[in-house]
Structures are given as C-alpha cells and as structure tokens.
Amino acid sequence: MTDPAQPWRSWARLVRLRVRLIWPEVVLIEVCVLVAALCRGIDYLGPPAGGTATLSVVERTMPLDAWAAMFIVGGTLGLVGLVGDRWPLTSFGHAVLAAAYAGFAVGAFCEVLGRSPVEGWRTPTDWLLVFAVVHWGYADAALDVWRERRRSG
C-alpha cells in the first residue's frame, strides 16, 4: 500500500527513469536554472524598449523592479546556498523561483484562454511544467539534504 503522505510512489512503479544523472550533471543543471533566473531578473531592471505594451499581463501586475528583485533574490539565494553549503537558503531560493514561474504560468494561461482562438499556450506550459517543476524539485531536494544532515549531526 502506498503511504498517503507520498502519493507519487504509486506513479514511480509505472515510470522508470531511463537516464542516470550523477552529481556533476545535476549540479550543472541547477546552476544553469539559477543563473537563468538571475538573467531574467537583471533583464527586468531595464525598461523594455517597446514600453510596457510588450510585457505579458502577469508582468504588468507588479513594477518591473519587483519582478527583478524576486528573480535576483531567488537566484542569488539559490547560488549562495549551493556554493556555501547552506541548504535552507538554496531551498528558499528555489521555492521563490518556483512560485514566481507558477504565477507566470497561471496568469499566462488566463490570458491565453481569453483569446479567440485559443493560442500561445506553449509559454505558460513551459513555465509551469519545466521551470516551476524544476525549481520545486530542487527546493525539495535541498530540504531533504538539510534534514538528513540535521539528523546525522
């Protein structure tokens, strides 16, 4: 019987990982997604050349400086925690980024569904199924490392 606290375990029996990732690859992917978030944050520091009309509905909900801060803080905390072996920082940075990308995805889906015909769903799908999920996975993994280290002393 599957533990109710871990419902994904039943899916794990159906899906088998076909690729074996080891430490260097996993860390490289993590560094890349954190640097990508930093780049997005830095990009938000400068006003868009075409004005705010080029921004998505979600991006217009807050000042660009707020978006910049969210992505820069999330990316920086993630990298500092990773390099400094401070797993709660890494987890928090990834959690901030997962929330930001999930928010982008929800807002973009709402915008797409308001169009006729419905089109442009690729971007919100990417934000949700790639960026939000990857950052959530790394946030969870960092917490696991932190808990394990606290238990082992």
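Computed from Cα atoms, the angle from the helix 87-113 axis to the main principal axis of the chain rounds to 40 degrees. Taking Cα atoms only, the orientation of helix 64-83 departs from the longest principal axis of the chain by about 20 degrees. Helix 133-152 and the long axis of the chain differ in direction by around 30°, with both axes built from C-alpha atoms.
Each reported figure results from applying straightforward, stated rules to the coordinates on display, with no laboratory input. Keep in mind that what you see is a predicted model, and the values were worked out from it rather than measured.
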